[in-house]
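Okay, handing you the structure first.
No value in this document is a laboratory result; all are computed from the given coordinates. The structure displayed is predicted, hence computed values, not measured ones. Here the Cβ positions follow ideal geometry from the backbone for every residue, glycine too, while neighbour counts run over all protein chains shown.
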Amino acid sequence: MTSKPAAGDDHLDLDAIEELCLASTPDPVLAASAREMVPLLVAEVRRLRWLVSFGACDTAGTTGTEFVLELDEEMLAYFREMADVLVERIGISRAEAVARINASYGTRQWVALDLELMGHELPECWAYGVYYGPDEQHRVPMGSPTADADIDLSTHPVRPAPPKDSPFWTLEE
């Protein structure tokens, strides 16, 4: 990703800021600290810009959790249950589960909707929809043995995971 300003960007040249901070600090202790911290800060600004360019919500990456959208305690627990379903029932890593959830629900489109609506279904319903795509009959598994009784999950289409270099991967694998 480049740090060159894009249309509508804040016109910060992150490369120039980094170079200036590192070159203009006369105090050797402060310079050593700047050499350590400025690249981390610049990388974080780039990551946040990237999240927003991917369509993530405005609070993306600033939540202090593994999820890119701001969640209250109840919804955070719900999203973590969704990740648990993907790990325990599907068998993917927690990092991939969180990345899939972030890519699916951490966008402006979802934030604009009332996330409380999600609570009317079990986390399995939403988690399975993150992993499985619709089949030729337009069915998406719901994570319910009863509702999914006629669906063969071993042959059901799987949605691709977000690219590994995308900002939706917030956990290490």
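What spacing in nm lies between the two simple spin-label points modelled at residue 136 and residue 33, each 7 Å away from Cα in the Cβ direction?
About 6.6 nm separates the two model spin labels.
Could you give the length gained by full extension between residue 172 and residue 72, i.e. 0.36 nm per residue of separation minus their alpha carbon distance, to one decimal place?
Working: separation 100, 0.36 × 100 = 36.00 nm, distance 2.36 nm.
Fully extending the segment from residue 172 to residue 72 adds 33.6 nm.
Which cross-chain or sequence-distant (5 or more) residues have an amide H under 5 Å from the amide H of residue 132, H modelled 1.01 Å from N in plane?
159
Residues in region 152-173 near a label at residue 94, defined as backbone nitrogen under 14 Å from the 7 Å Cα→Cβ point?
Answer for region 152-173: 170-173.
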